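First up is the structure itself, then whatever we jot down about it.
The values are calculated or read from the model by the stated rules, or taken from the named source; none is laboratory data. Just so it is clear, the model here is predicted, and its values are computed rather than measured. In this analysis, Cβ positions are derived from the backbone assuming ideal geometry, glycine residues included, and neighbour counts consider all displayed protein chains.
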């Protein structure tokens with residue numbers, strides 16, 4: 001079930017004080033270590049990727065006169081800022097078990113420092129491209145939340161699914177900003193390729209290091225499970241990316257999972273400062289908080 005498409009969703013900056021137990025198991029889904037580390041690898045990228053996105057749209061904002069687009073970009077900046085700070089807190093705990101992840105972080109830092117030297121058009125195309133790719137990931141993670149998150153650590157499942165809800169809320173922003181300033185199909189398509197491939201490969205460096213430390217990298221069964229999850233990632237992300245290449249496409253035409261609005265409604269009823277922890281013991285993972 002999906003919500004009707006909307007041209008300009010409400011973008012709320014929720015300053016959720018996510019906290020993580022120092023003893024949290026990095027294999028936060030006990031039956032799926034490969035999936036756990038794929039998510040961990042993506043988390044490692046966030047404190048480098050999202051500040052890059054923020055710097056890019058902040059620079060672009062100087063050229064925007066449309067008040068509605070300005071407001072959306074400011075809200076995008078607010079949401080992304082909270083996202084990467086939350087992921088950074090979790091990543092610091094990951095590095096206690098996997099100190100070699102500092103190498104992955106150093107590589108990410110080098111990459112984004114280099115990208116910062118590129119033209120604003122290139123950086124904004126990368127931003128719009130990455131945000132387009134995340135639409136497919138968001139749909140996958142929310143619609144298939146039962147097999148991906150049921151029985152997992154509630155803190156991590158809640159972190160990831162909250163992040164996906166807000167990706168849905170600001171799905172139009174980078175696309176609208178790029179089109180407002182540039183609008184060419186080829187630049188946007190190149191950004192889609194660059195953003196998707198770079199983040200996927202950067203995340204891979206992290207999860208390979210974790211699987212090596214856990215002794216799973218050379219296991220044929222583990223490798224098969226990993227390839228299966230990567231194939232699912234590609235199968236679910238690709239349609240959103242391919243749709244974005246069609247004439248007349250706009251992210252607002254994509255229908256959001258109904259669970260997104262349910263989550264937002266449930267969060268609105270929480271007391272201020274309360275962490276929205278999902279009940280992962282319930283196999284349906286409903287949009288209500290423990």
Only one of 19, 60 is outside any loop (DSSP other than H, G, I, E, B) and either closer than 26 Å to residue 287 by Cα or at pLDDT 95 or above (or both). Can you tell me which?
60
Subset of region 254-282 (residues that are on the phi < 0 side of the Ramachandran plot, in contact (Cβ under 8 Å) with a residue 24 or more places away in the chain and loosely packed, with under 12 Cβ neighbours inside 10 Å)
281
Going through region 213-229 one residue at a time, which ones are part of a helix (DSSP H, G or I) and free of Cβ contacts under 8 Å to residues at least 40 places away in the same chain?
220, 221, 223, 224, 227, 228
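Return yes or no: is residue 203 out of contact with any strand residue (DSSP E or B) (no Cβ under 7 Å at 6 or more places or on another chain), part of a loop (DSSP other than H, G, I, E, B), surrounded by 22 or more Cβ atoms within 10 Å (Cβ to Cβ) and at pLDDT 95 or above?
Criteria not met by residue 203.
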Being out of contact with any helix residue (DSSP H, G or I) (no Cβ under 7 Å at 6 or more places or on another chain), part of a helix (DSSP H, G or I) and more than 18 Å from residue 120 (Cβ to Cβ) is the filter here, so list the residues in region 22-57 that pass it.
33, 36
Is there a residue being modelled with pLDDT under 95, closer than 15 Å to residue 131 by Cα and not in a helix (DSSP H, G or I) anywhere in region 180-192?
no
Checking residue 152 against (1) surrounded by fewer than 21 Cβ atoms within 10 Å (Cβ to Cβ); (2) modelled with pLDDT of 95 or more, the condition it does not meet:
(1)
Can you tell me which condition residue 118 does not meet? The list is (1) within 16 Å of residue 53 (Cα to Cα); (2) touching a residue at least 40 places away in the same chain (Cβ under 8 Å); (3) more than 17 Å from the chain's Cα centre (by Cα), and all the others hold.
(2)
